[in-house]
Protein chains: 4
Amino acid sequence: MDDLRLCGRFDRQKTVVPVGPLRFGESFIVIAGPCSVESERQLLTAAWMVKEAGAHALRGGAFKPRTSPYSFQGLGLAALKILDKARRETGLPIVTEVLDPRDVPWVSEFADMLQIGARNSQNFSLLKEAGKGYRPVLLKRGMYSTLKEWLSSAEYILSAGNPHLVLCERGIRTFEVYTRNTLDLSAVPAIRELSHLPVIVDPTHGTGRASLIEAMSLAATAAGADGLMIETHPHPEEALSDGDQALPPDRFRTLVRKARAIRECWERLE
Amino acid sequence: MDDLRLCGRFDRQKTVVPVGPLRFGESFIVIAGPCSVESERQLLTAAWMVKEAGAHALRGGAFKPRTSPYSFQGLGLAALKILDKARRETGLPIVTEVLDPRDVPWVSEFADMLQIGARNSQNFSLLKEAGKGYRPVLLKRGMYSTLKEWLSSAEYILSAGNPHLVLCERGIRTFEVYTRNTLDLSAVPAIRELSHLPVIVDPTHGTGRASLIEAMSLAATAAGADGLMIETHPHPEEALSDGDQALPPDRFRTLVRKARAIRECWERLE
Amino acid sequence: MDDLRLCGRFDRQKTVVPVGPLRFGESFIVIAGPCSVESERQLLTAAWMVKEAGAHALRGGAFKPRTSPYSFQGLGLAALKILDKARRETGLPIVTEVLDPRDVPWVSEFADMLQIGARNSQNFSLLKEAGKGYRPVLLKRGMYSTLKEWLSSAEYILSAGNPHLVLCERGIRTFEVYTRNTLDLSAVPAIRELSHLPVIVDPTHGTGRASLIEAMSLAATAAGADGLMIETHPHPEEALSDGDQALPPDRFRTLVRKARAIRECWERLE
Amino acid sequence: MDDLRLCGRFDRQKTVVPVGPLRFGESFIVIAGPCSVESERQLLTAAWMVKEAGAHALRGGAFKPRTSPYSFQGLGLAALKILDKARRETGLPIVTEVLDPRDVPWVSEFADMLQIGARNSQNFSLLKEAGKGYRPVLLKRGMYSTLKEWLSSAEYILSAGNPHLVLCERGIRTFEVYTRNTLDLSAVPAIRELSHLPVIVDPTHGTGRASLIEAMSLAATAAGADGLMIETHPHPEEALSDGDQALPPDRFRTLVRKARAIRECWERLE
């Protein structure tokens, strides 16, 4: 496909994307943290919890793409300053979502990796702006994106000059109502055969149910994912957004331990 | 639903949205024109064709949201100047899509109505910016939007201060492959019972097949739509984008004539 | 497509399917009646109501394909005897669903037309048995059937020897939750260009909401459908199944009157 | 849910379903074999291949539910006799699909387990007949079934008297076109929390691409599936049906070895 000149180039090995000390595509990486940054105390507690569980990077939303304009929209700059402090204290690289092309330059000063969310998977202005930036990008699949469309969106970033790109499967929309989305784990091996980019999995949004996240994390790991993105919160029942799908500390620790064990087993299989 | 405070307010009659001399929600309105503005000659020919067929407003893309970064992306400012000239010559109001929140202010100087497309249906920065603007907005349904989500996106525009909003059903994504999307005409009466906003239908993107557009235009009209949006091109086989779904002049004229007849019949039924 | 040897043969005009005195494909036909036959009184009342509204055939379920084994499963033979009586009294031909290949021969003695429902759209044993029978068949689209698959199921009936086949669009399953299914009216013109078979529309199951049925009936008519299938009940609030989507007598009469007016207008357009 | 009286009863442990010497729900079971029984030689070769790779049961279609009536429909009784011979020679229990309620009694004389396929997931006559039979049943999820509907179909079998039931996730239909279906692995932990029935996974139909099957088998195993169902063929390129998705002997052996390793690791995690 001529449309995937850069995404599909196989004249070199699988791409390795450096994010602070981490190398996506080389080792298995767990990004975790709360849906939204709610307060300094909440985030720092979460950050230490993430680090102690053995995860590698901290996520936290400063700008929240909420269906309703009346829902909590995120703390914005204040959240970014808190994330910055969490990085200084814990050493964890920061991953945060950017919603507006105008925000790419200045958010890049706070974040180690910019996330582009499912709702913006074909927001081409934002993709181009992230492609002109200097920060690695985490591009989520749109909830209605075919694999080819997802890679075409990735191509917007690569063709604008930024080669540091990681893909993230987060579930597609189907008729099923028990889960919030249908996590399409076949995307992991499929992206592997269509592209050289690393691909991680977000089972939190992919299922929308805390009770299913551990099983889907292990499944994603065994499918060969390069990492996981997990929502965790010190007190899920008090979360300002998406509390139903955030894992409490003990269950998050168990998840990380088990995913590591599956990953080690999987690595020995090759 | 508290999330739809403004969309769902029924303390007044159905909203009427003025666009130049037109009044959406009051009379049946046909917006038509090519997918993209390709040249002054192409657009002016199309504009006269649209006017002579009895349609009411001219559409034409200056910025095209294309799946691939290597596809034609639109002529930008040059296209807007051509659209402006077409309005002066034909008197037709101009509807054009805006993709980037930074473009809302200056595109508003050229267009009579700003379109927000399916891919940006949850681009909240763009919705807010259009909501702060002074131009009426045509908000397409996302290809994965539920009716409630679509209205919630509309709520972003209304709550930012702009009351001049028209909705446009353009098909949702399903498993069917014969058509490009599945046009959900039940959205027309459903929006009518959930909201006071006018709703029009785009059978061009809703089917993606020129051969199905006339039948679906008549169906939309009989479902009670407030108007239609149709792609037409003086020479579809030479179009730079979406030529397969553009109607040639004669078939477009026939469509307008028949849709009018169905509309008149429908009005007499009440 | 070699798979559609009989469905897609265009060496003759559009097929006309005779059902009692009716001729599907030639004139516009409305089939109506309750979801289930519940009692002689209920059905006879419904039958007269259907006839007086100007509809042409009576539907009523004797065997109900219910999601749960604990839901009302239909009266079986008793229902067929009641339907038979309704035909004798009103003269309306009877359309009823058959679920099991073993029932095709004996149900054919009571019904004028056998319906094969959405859940059995790929029940090939049933399709073949109906194809070997002598009664005309009404084949509903599966809620997950592509147009090609639907026509391939039709091909099972035609290739088994029964040429009397009418198709019925009844909505496909999508992510939308406001409606029970998404009625795909583009199936009407699409089937017209792929096949010679008549196609009618069932807006009752297609929307699952009584409030949307009239608008979708008019839309189906303007799309060129050969008829409608509508659930109506003398007292919807007392129905044993699907009462939410059955129209009461007055609204059904209005629907038939309006659909006829749209049909007449549509016929004059050609 | 009152609709799932038997499926959802948790007054006892997870159900164990005995099939010959196997115990579904207790140990991890791999069912494998060709899509269709094509000849004695093909099937016996496949059977030994399946056994030598360490799999536990043999699948092979005698009746094939093909979209087109002109496609190979299976060898019927001749296939069942060949399957019977394969059991006698290899000792592997036989799993085969039944399409028609009239076939349940006599097919039960040849098969150790009756499969009900995705297209018949709401063929209630067939479900009831299998529920009255004495053979364990493998019930595949319909390609459009919600989890609740799938369990309701299972309830038809249980309520008819047959407690020996295993569920099989095989992918649902979505807009994605790269894969044949979208394998919904979240069904594995979801069924676990909604029911006591064992659940296995069919990544062959779930992806439709030989290249993705190994990764999805490992993922299913790590998600906690009770087993796998895999299509394998001595010479996939010569298969009469579904050759594109059948694994050749060497790749099948590798898959079984790796799935076992993941399963052992998973068991140690609890």
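The values are calculated or read from the model by the stated rules, or taken from the named source; none is laboratory data. Everything quoted here is computed from the prediction, not taken from an experiment. So basically every Cβ, Gly included, is an ideal-geometry build from the backbone, and we count neighbours across all protein chains shown. Please note that ligands, DNA and RNA were not included when accessible areas were found on the heavy atoms of the full protein model with its side chains. Shrake-Rupley method; radii C 1.70, N 1.55, O 1.52, S 1.80 Å.
Structure values in brief
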{"item": "Paired Rg and Dmax values of segment A:1-98, which use every Cα atom, in angstrom", "result": "16.4, 49"}
{"item": "Estimated dipole of chain C in Debye, rounded to 20 [Cβ of Lys and Arg +1, of Asp and Glu -1, Cα centre]", "result": "220 debye"}
{"item": "10 Å Cβ neighbours from other chains, averaged over peptide B:101-114", "result": "1"}
{"item": "Residue among B:208, B:79, B:174 farthest towards the positive dipole end of chain B, charges placed on Cβ", "result": "B:79"}
{"item": "The protein assembly as shown: translational diffusion in µm²/s, Stokes-Einstein, Kirkwood Rh over Cα pairs, 10 °C, 1.306 mPa s", "result": "52 µm²/s"}
{"item": "Contour excess over end-to-end distance, with Cα ends at residue D:134 and residue D:160 and 0.36 nm allotted per residue", "result": "8.3 nm"}
{"item": "Between segment B:29-45 and segment C:41-96, the alpha-carbon center distance in angstrom", "result": "54 Å"}
{"item": "Interface B:C - total buried accessible surface [probe 1.4 Å, Å², rounded to 100]", "result": "3200 Å²"}
{"item": "Shielding by other protein chains, C:209-220, mean Cβ within 10 Å", "result": "6"}
{"item": "Cα-Cα over 19 Å, subset of A:51/A:85; C:64/C:140; B:258/C:140; A:64/A:258; A:64/A:140; A:64/B:128", "result": "B:258/C:140; A:64/A:258"}
{"item": "Spin-label model distance (nm) - residue B:260 vs residue A:14, 7 Å beyond Cα toward Cβ", "result": "6.3 nm"}
{"item": "Span per principal axis, largest first, for the Cα atoms of chain A (Å)", "result": "48, 44, 40"}
{"item": "Inter-centroid distance (Cα atoms) of segment A:212-270 relative to segment C:125-196, Å", "result": "44 Å"}
{"item": "11 Å reach of a label modelled at residue D:89, 7 Å along Cα-to-Cβ, counting backbone N of segment D:41-72", "result": "D:41-49"}
{"item": "Using a Förster distance of 60 Å, the FRET efficiency for residue C:268-residue C:40 (Cβ separation, nearest 0.05)", "result": "0.90"}
{"item": "Number of partner chain Cβ atoms within 10 Å, mean per residue of D:59-69", "result": "5"}
{"item": "Estimated FRET transfer efficiency when R0 is 35 angstrom, pair residue C:193-residue A:72 (beta carbons, to 0.05)", "result": "0.10"}
{"item": "Vicinal HN-Hα couplings computed from phi for segment D:211-220 (Karplus, 6.51 cos²θ - 1.76 cosθ + 1.60; Hz; Gly/Pro x)", "result": "5, 9, 5, 4, 4, 6, 5, 5, 4, 4"}
{"item": "Carbon plus sulfur fraction of accessible area for segment B:187-247, probe 1.4 Å, in percent", "result": "44 percent"}
{"item": "Whole-Hz couplings from phi, Karplus 6.51/-1.76/1.60, listed for segment C:101-117; x for Gly and Pro", "result": "x, 5, 8, 4, x, 7, 5, 4, 6, 9, 9, 8, 8, 9, 9, 10, x"}
{"item": "Helix-only CD estimate at 222 nm, as mean residue ellipticity for chain D, using -39500 (n - 2.57) per DSSP H run (n ≥ 4)", "result": "-11000 deg cm²/dmol"}
{"item": "Accessible area expressed per residue, segment D:1-79, with surrounding protein chains retained (probe 1.4 Å, Å²)", "result": "42 Å²"}
{"item": "Simple label model, 7 Å out from Cα along Cβ direction - residue B:235 to residue C:235, nm", "result": "7.0 nm"}
